[in-house]
Amino acid sequence: MPKSRKNIVQWRWNPLHARDLNSRPGNADGTASEDGVAKRDLREDEATLWRMVVRDIKPLRSPRAPRRMMPVAKAEPPAPMPEVARSAPVVSRRSFVPVQPKKPVSRPAELAVGVRAPGLDDTSWKRLSRGQMKVDARLDLHGYVVQEAFERLYDFMQRARVRNWRCVEVVTGLGSGQTSGLIRRELPMWLQRGDLRSMVLAVVHPHAANHGSVRILLKTRRR
C-alpha cells in the first residue's frame, strides 16, 4: 500500500546550508538545534558535490596580512656636551716690511711775552721788539669781563687769519682793576691754546715801560 504524502518527509538540499551542516553537525537523532533548523551529517555524495561547487569560488577580498608592529626605538641618553676647546694664544706674525718709527709730535714752545721764538729771523724780531713793525689791527679789551674778553680775542684772531694780517695789537690795560689785571695775566695762556698757538710767532710789549698792551706777530700766507 503506498505511503501517504503526509507521512513522507520531503527534504530539499540547499547548498547555502552545507557549510553549517558540515561544520556544525546537528543532533544525531535529526532533532532541531537551538536555531530551529534540523541538522545532520553530510553524506559522501553530498560532500563531493559541495566540493565541486566551491572549488572555483574566490574570495572577494584577500585575507589581510597581520600588521607588523614597528619596533619602538629606545630613548638613548643625551650625549655629553663636548668640552670647549681653549683658544690658542694669538701669535703675532712679524712683518717683513720695516715699520718706520713714528716721529714724536713736536709741541710748540711755550709762549712767553718778550721771548724770541725759535726760527724767527733777526730782521722781523728786531722790528717787532723795537715797535717798528706796522700794526694791521688793534683790539681793546677794556671794560669786558674775562669770558667776554676771551670770546672777543678769539674772534679777532680768526679774522686775522682770514685777512692774512702780519702784526696785531691787543690792549689789556695795566691792571688797576681786578678784571683788567686778570685779563692781562690770562692773555698769554689764551694764546697758548692749540687752535691759536699755531698762528703765533712771537709776543712782545711795544714799550718796555708799558705792559698794558701786547703786539703779536702772526704767521702769514705768501701773497
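Quick check on this structure: which one of Val162, Val135 is β-branched (Val, Ile, Thr) and in contact with a Cys (Cβ under 6 Å, 6 or more places away or on another chain)?
Val135
Filter segment 125-162 down to the residues that are assigned to a helix (DSSP H, G or I) and under 23 Å from Asn210 (Cα atoms) and list them by number.
Passing the criteria: Trp125, Lys126, Arg127, Leu128, Ser129, Val146, Ala149, Phe150, Arg152, Leu153, Phe156, Met157.
Which count do you get for residues in segment 24-57 that are in a loop (DSSP other than H, G, I, E, B), surrounded by fewer than 11 Cβ atoms within 10 Å (Cβ to Cβ) and modelled with pLDDT of 65 or more?
4
Can you work out which of the residues in segment 170-205 that are modelled with pLDDT under 85 and not in a helix (DSSP H, G or I) is surrounded by the fewest Cβ atoms within 10 Å (Cβ to Cβ)?
The qualifying residue surrounded by the fewest Cβ atoms within 10 Å (Cβ to Cβ) is Ser176.
Report, by residue number, each residue of segment 122-160 that is of a type in the set (Lys, Arg) and in contact (Cβ under 8 Å) with a residue 40 or more places away in the chain. Spell out the reasoning first.
If we filter segment 122-160 for residues that are of a type in the set (Lys, Arg), which is where we start, we get 126-127, 130, 134, 138, 152, 159.
None; the set is empty.
Could you tell me which numbered condition Arg215 fails, if it satisfies all but one of (1) charged (D, E, K, R); (2) under 18 Å from Ser124 (Cβ atoms); (3) loosely packed, with under 14 Cβ neighbours inside 10 Å?
(3)
The values are calculated or read from the model by the stated rules, or taken from the named source; none is laboratory data. Because the structure is a prediction, the values reported are computed rather than measured. Quick reminder, even Gly has a Cβ in these numbers, built from the backbone with ideal geometry, and neighbours come from all protein chains shown.
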